[in-house]
Amino acid sequence: RPGQAGSEGLESEKARALENAQKYAARAIDLEPAWPESQITYARYIFAKDGSQRSEKYYLELIKSFPYTADYRLALAEFYEQQEKTATAQEIYQRVVDADPKNTKASLGLARCYKSKGDFTNAIRYYMVAAALDPSDVEPMFSVAQLQLETGENESKPAQANKLLTEALARFELVKKNNSNYPKVYYFTAKAKMAMGLYQEAMQDLATEKKKNPNLADPYILSAENFKKQGEFSQCANDYSIVLKLRPVSEFYFKAAACHRLAGSIDQAEDLVIEGHNKESANYSYFREMGYIMEARGERAKAFKYFQDYLDLTAHNSFDAKEIENKLSSLGN
């Protein structure tokens, strides 16, 4: 069985990698037992081989043996983060920060914990502390910009939203200036610009992101959305055709279909809708898109039925419920 042989080969390779890590860490510990990197590597090996309980116990023993070495406390906090024990991780990071306010890793850890709890104010606070402690590291600045972008996109007050988005964009631009190869920085810069209505400028950043990461779907998705907002439906459809190769999930079949339909390619739109429905029959977007396609063909009764099914299946609670209700009213006349 070729598939089974491949799987067994991969497992064998993983086992060898674990064995090599164990040998390296054990040898390093023998030579220098107080060297944090070797001890932490060994703790990670224990986690991979024997699970979280033994690994946690080993970390705690290290902290007991070396109470003044912050690296072990930070490693334990990261371990708890991985286990999604955010509150426990946060307590450890906070103790390290209290003891050493200049510990960048601890400030970053605190920021991550606050972010995972949805406390963006404190997350930004500690990301900014980390950024000030190590200006050469753009990660904290990038993380602050991401939080400001997300908050700005969801802010209901226009003035406050504009302030957050402007600050986010300025920080993304600063990250670009300091490290133009930072992952997805052009994508997020474009996202901030789109949120501010700077669609043409956003396309320049997306073009750069596509060139840097041609196998990444996200910039093509954002670019397609941008083209749709500007009424350039053929270009929208072209970008979604690439998205479907990189991330072929039902959602994007329906979005691609909408762009083809708006560009006048009704048959191609229907083919995509059917393909999306075959991939995920529980995605109710099928009924909405089929309604629009039938309407475009002048088949009003069929369009009415699809739109009615869509509203019934979504309990009149979808983001576009009002729009579809208006469609039903116009088709019923």
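Before moving on, here are some points about what is shown:
- For segment 42-123, dividing the convex hull volume of the Cα atoms by the residue count gives 81 Å³ per residue.
- C-alpha long axis of helix 70-82 to longest principal axis of the chain, angle in °: 30 degrees
- Computed from the alpha carbon atoms alone, the convex hull of segment 284-333 holds 58 Å³ per residue.
- Rounded to the nearest 20 debye, the dipole magnitude of segment 284-333 is 160 debye, with +1 charges on Lys and Arg beta carbons, -1 on Asp and Glu beta carbons, and the Cα centre as origin.
- Nitroxide proxy distance, nm - points 7 Å out along Cα→Cβ at S234 and E153: 3.0 nm
- Helix 250-262 axis versus longest C-alpha principal axis of the chain: approximately 40°, rounded to the nearest ten.
- Segment 249-309: trypsin sites (Lys or Arg not before Pro) falling in loop per DSSP and having at most 16 other Cβ within 10 Å: R297
- Listed residue (N326, A301, A315) projecting farthest to the positive dipole end of segment 284-333, Cβ model: A301
- Taking only the alpha carbons of the chain, we obtain Rg and Dmax values of 26.0, 85 Å in that order.
- Sites I274 and R247 - FRET efficiency at Förster radius 22 Å, r taken between beta-carbons, to 0.05: 0.70
- Approximate spin-label separation A48-A301, in nm, with each point projected 7 Å along Cα-to-Cβ: 6.6 nm
- Acute angle (nearest 10 degrees) that the helix 199-212 long axis makes with the longest principal axis of the chain, alpha-carbon atoms: 50 degrees
- Neighbour cut-off at most 13 other Cβ (10 Å), DSSP loop, trypsin sites (Lys or Arg not before Pro), segment 107-166: K117
- Sorting S250, S65 by the number of Cβ atoms found within 10 Å of their own Cβ, with the fewest placed first, yields S65, S250.
- Centre separation in Å (Cα based) which lies between segment 257-317 and segment 169-212: 34 Å
- Lys/Arg +1, Asp/Glu -1 at C-beta; the chain dipole; positive extreme among V175, Q90, L110: V175
- As a proxy for reagent exposure, ranking D320, D71 by other Cβ atoms within 10 Å from fewest up yields D320, D71.
- Calculated FRET value between K57 and D309, using beta carbons and R₀ = 45 Å, to 0.05: 0.20
Rule-based calculations on the coordinates, nothing more; no lab input. Values in this document were obtained by computation on a predicted structure and should not be read as measured data. A quick note on method: Cβ atoms are made from the backbone with ideal geometry, for glycine too, and the neighbour counts reach across all protein chains shown.
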